[in-house]
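This report concerns only the one structure given below.
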Amino acid sequence: MERLPEWRLDIPRQELFWNIYYQGETSISDLHMKWREFDKPRPINPLTSKPYEDSKNYSAFRMDTLHMFYYPIKFSWFHFTPRTGFRMTYYDKSSDVPVSAQELGFKSYIDREDVTSGGTVAQYDSHGGSKFRFVFEVGFEANTKIYQAWQNVRNAYFQLDGLRHVMEPYVNYTYIPEPTVDRDYLYYFDDVDRITAQNFVRLRLRQRLQT
């Protein structure tokens, strides 16, 4: 996938006012998806007596902007950060023929040089016209620290002079309703183009030993 050219602006998370933080990114890209061109022809499809089909190249102009807002709440032992935001994406071209996630995976599969078989390849067309997609997101992050110290743990070989065990449990909840445009009709270049409805919780436990 080629970005020829791309202009990008990333704004790191920073406070706006009253403990409200903002983070954003904006990009303007001329994107081209180019699949492999093999020197040797595909094997013959016994059903059609023709070589297996390859994926066809496609391109589009994309403008994408993401804006997220955070309100961190800090207690002595607990951090809670709700967030909300939105993403707006414009495509100058799209497909009138949908390409599902499974079909997209097959396009990537047959693009490998060691694949000697084939099948029906779903191809995007260019008859979908321009598209404007809006994506809304809401969620929160929460984490805390639990630790225990042992001051009498010493070892000259490992240079231990006391030991502390730190545990950091973490939870991240994300909810994204269905975007205004079905992703199957948008050309695929990267993860931005494959956003769909989501409702999940991610858990993590980080542990450290310090001395």
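The values are calculated or read from the model by the stated rules, or taken from the named source; none is laboratory data. It should be emphasised that the depicted structure is a prediction, and the values quoted were computed from it without experimental measurement. No Cβ is skipped: glycine too gets one built from the backbone with ideal geometry, and neighbour counts run over all protein chains shown. Accessible surface is based on the protein model in full, side chains and every heavy atom, while ligands, DNA and RNA are left aside. Shrake-Rupley method; radii C 1.70, N 1.55, O 1.52, S 1.80 Å.
Does F38 fit the bill of being more than 30 Å from Y147 (Cα to Cα), open to solvent by 60 Å² or more (accessible area, probe 1.4 Å), in contact (Cβ under 8 Å) with a residue 24 or more places away in the chain and assigned to a strand (DSSP E or B)? No, not satisfied.
A residue that is part of a helix (DSSP H, G or I) and open to solvent by 60 Å² or more (accessible area, probe 1.4 Å) cannot be found anywhere in the stretch 168-182.
Residue under question is E6, and the condition is that it be of a type outside the set (G, A, S), part of a strand (DSSP E or B) and farther than 25 Å from M63 by Cβ; does it hold? When the stated conditions are applied, E6 does not pass them. Candidates are the residues of the stretch 112-150 that are at pLDDT below 85 and either open to solvent by 60 Å² or more (accessible area, probe 1.4 Å) or within 30 Å of T180 (Cβ to Cβ) (or both); the one that is farthest from the chain's Cα centre (by Cα) is T116.
Residue check: is T81 at pLDDT 95 or above, open to solvent by less than 70 Å² (accessible area, probe 1.4 Å) and in contact with a helix residue (DSSP H, G or I) (Cβ under 7 Å, 6 or more places away or on another chain)?
On the way: at pLDDT 95 or above: yes; open to solvent by less than 70 Å² (accessible area, probe 1.4 Å): yes; in contact with a helix residue (DSSP H, G or I) (Cβ under 7 Å, 6 or more places away or on another chain): no.
Judged against the criteria, T81 is not a match.
Just so you know, in the stretch 64-90 the residues that are within 15 Å of the chain's Cα centre (by Cα) and among the charged types (D, E, K, R) include one that is nearest to V138 (Cα to Cα), and it is R87.
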